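Below: one structure in structure tokens.
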Amino acid sequence: MDMVEHQIAARGIRDPRVLEAMRRVPRHAFVPPDVQNLAYEDHPLPIGHGQTISQPYIVALMTELAEVGPGSRVLEIGTGSGYQAAVLAEIGAEVYSIEIIPELGERAREVLRRLGYDRVQVRIGDGSVGWPEEAPFDAIIVTAAPVHIPEPLREQLKVGGRLVIPVGSIMQELRVVVREADGWRERAVIPVRFVPMTGRARESAE
Ligand code: SAM
């Protein structure tokens, strides 16, 4: 309750579905035991394998920007701990989440199953190619930063769908891409710092 009031609502997140979902998801269940006492603090935390669970405010902001509601079909790239996926599922979305590090994907799948988030499907693989069999999506949330937006992610949006993605290498910005009937409209929201997207997105940037 305190996290939502002081870190999220206080910074301007207004969508009641996002606020309520973040009050309900037990963030401590998604982090390793040695940092559980820090689970509701205002920063990212290590989850092993050099990866992190994002700061609560960033999870809230990305969820709000994605404009997700009950029944939305949402693709997430970078399952990590599974926390962002749980927040989306708590809103009532059908979530398809891809994680490239098998140990993290398997752990997240297990935590999500244990907590009853059966609207989340976790795939182990390279998310830069999206999930073509389940496309198109109402929203795509990417939680690792590519240098350029992978083309398959734009293509897997519905018309009217929204892609929320950090883009860049050292300097990154959070962008929202909206698919329109005749193309894509894009805007930058705030500077951010995410772990880099690996896999094909990384290779094509080098
Ligand atoms: N959304 C996560 C959460 O709620 O805990 C935070 C994820 S962490 C900031 C980014 C994750 O993206 C890492 O677990 C990393 O392994 C994963 N990742 C990086 N590149 C990827 C790719 N090409 N495909 C899928 N996952 C990727």
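The values are calculated or read from the model by the stated rules, or taken from the named source; none is laboratory data. Because the structure is predicted, anything quoted here is derived from the model rather than measured. Surface areas here come from the heavy atoms of the whole protein model, side chains and all, with no ligands, DNA or RNA. Shrake-Rupley method; radii C 1.70, N 1.55, O 1.52, S 1.80 Å.
Let me test this: with uniform point scatterers at the alpha carbons of the chain, what is the Debye-based log₁₀ I(q)/I(0) at q = 0.09, 0.11, 0.12, 0.16 1/Å?
Ignoring solvent entirely, the Cα scatterers give -0.29, -0.45, -0.54, -1.02.
Oh, and also: Determine the per residue accessible area of segment 2-205 with all protein chains present and a 1.4 angstrom probe, expressed in square angstrom.
About 45 Å² of surface per residue is accessible.
Suppose only helical runs count, i.e. DSSP H with n ≥ 4. What mean residue ellipticity at 222 nm does that imply for the chain under -39500 (n - 2.57) per run, divided by all residues and rounded to the nearest 500 deg cm²/dmol?
-7000 deg cm²/dmol
State the Kirkwood hydrodynamic radius of segment 7-73 in Å, one decimal place, computed from all pairs of distinct Cα atoms.
12.8 Å
Here is a further query. Expressed as a whole number of Å, what is the distance separating the alpha-carbon centroids of segment 168-206 and segment 26-100?
So the separation of the two Cα centres works out to 18 Å.
Probe radius 1.4 Å, ligands and nucleic acids ignored: give me the carbon and sulfur share of the accessible area of the chain as a rounded percent.
50 percent
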